[in-house]
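The values are calculated or read from the model by the stated rules, or taken from the named source; none is laboratory data. What you see is a predicted model, and the numbers here were worked out from it, not measured in a lab. When we count neighbours, we look across all protein chains shown, and the Cβ atoms used for this are built from the backbone with ideal geometry, even at glycine. Just so you know, the surface numbers come from the protein's heavy atoms only, side chains and all, with ligands and any DNA or RNA stripped out. Shrake-Rupley method; radii C 1.70, N 1.55, O 1.52, S 1.80 Å.
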Amino acid sequence: LNSGVIFHSQDPHTMPKEQDWPISVEMQLLGGLGDGHPRTTGNMCSPGTNVVYKGVLDETHCIESSSKTYDGDQWVKGELIVLGDSLVTHIINGDTVLQYSKPQIGGGVVNRYDSAVKIDGRLLSSGFIALQSEGQEVDFRNIKILNLDAH
């Protein structure tokens, strides 16, 4: 019960076939395990990237959101507002559950990459978008992408 929306992702053509994850930022979507233990969704995970969280460069691979747990099969609405390389907001079922800024290349959790592409400290203001299913089926529906660029 682990999937996500990957954004600011590197161009797949720049990934060696041995690379395990694209350098990117992920809005991680987790389903509850039905065991009574909390399991947040709308988390941030960062393969090959770092973000500024609560005013500090945070090199943690995943930052948990403040969402509630969603057990069982149900639709959960996720919204992601990405303002280039400045503010990123994760919204779950209408509630803002996480905000951070300055997504940038750095950190680990990505292996066998081209070192000419992984330039640590470079801010990410654009990139590819991908939908992720990590080991199980997941359904996405009503996907809308809005261009927030003022130009």
Self-check item: Volume of the Cα convex hull of the stretch 1-57, divided per residue and given in Å³
Solution: 106
Quiz item: What length, rounded to one decimal in nm, is gained on full extension from GLU18 through to LYS102, with 0.36 nm per residue of separation minus their alpha-carbon distance?
Solution: 27.5 nm
Quiz item: Which longest run of the chain has no exposed loop site in it, a site being GluC sites (Glu not before Pro) in a DSSP loop with at most 13 other beta carbons within 10 Å, and the site itself not part of the run?
Solution: 60-133
Self-check item: Taking the stretch 66-142 and dividing mean pair separation by its residue count, relative contact order in percent (alpha carbons under 8 Å, at least six apart)
Solution: 22
Quiz item: Using Cα pairs under 8 angstrom and six or more residues apart, how large is the relative contact order of the chain, in percent?
Solution: 29
Quiz item: Computed on alpha carbon atoms, what radius of gyration and Dmax characterise the chain, expressed in Å?
Solution: 15.2, 48
Quiz item: For the chain, modelled as a GNM with alpha-carbon contacts under 10 angstrom, which of THR89, THR40, THR14 fluctuates the most?
Solution: THR14
Quiz prompt | Accessible solvent surface per residue of the chain, calculated while the other protein chains remain in place, 1.4 angstrom probe, Å² | solution = 59
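Among TYR113, TYR100, TYR53, what's the order by accessible area (1.4 angstrom probe), most exposed first?
Details: TYR113 90, TYR100 5, TYR53 50 Å².
Result, largest first: TYR113, TYR53, TYR100.
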Quiz prompt | Counted charge near GLN10, where neighbours are those whose Cβ lies closer than 15 Å (Asp, Glu -1; Lys, Arg +1) | solution = -3
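Which trypsin sites (Lys or Arg not before Pro) from the stretch 82-151 combine a DSSP loop assignment with at most 12 other Cβ atoms within 10 Å?
Passing sites in the stretch 82-151 are ARG112, ARG141, LYS144.
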Self-check item: Tail fraction, Cα-Cα pairs, the stretch 49-138, threshold 19 Å, whole percent
Solution: 51
Quiz prompt | Lysine-lysine proximity count for the chain, Cα under 17 Å, sequence distance 8 or more or distinct chains | solution = 5
Self-check item: Carbon and sulfur %, accessible surface of the chain computed with the full protein complex present, 1.4 Å
Solution: 51
Quiz item: In nanometres, what is the gap between the two model label sites at LEU123 and LEU1, each 7 Å from Cα along Cα-to-Cβ?
Solution: 3.8
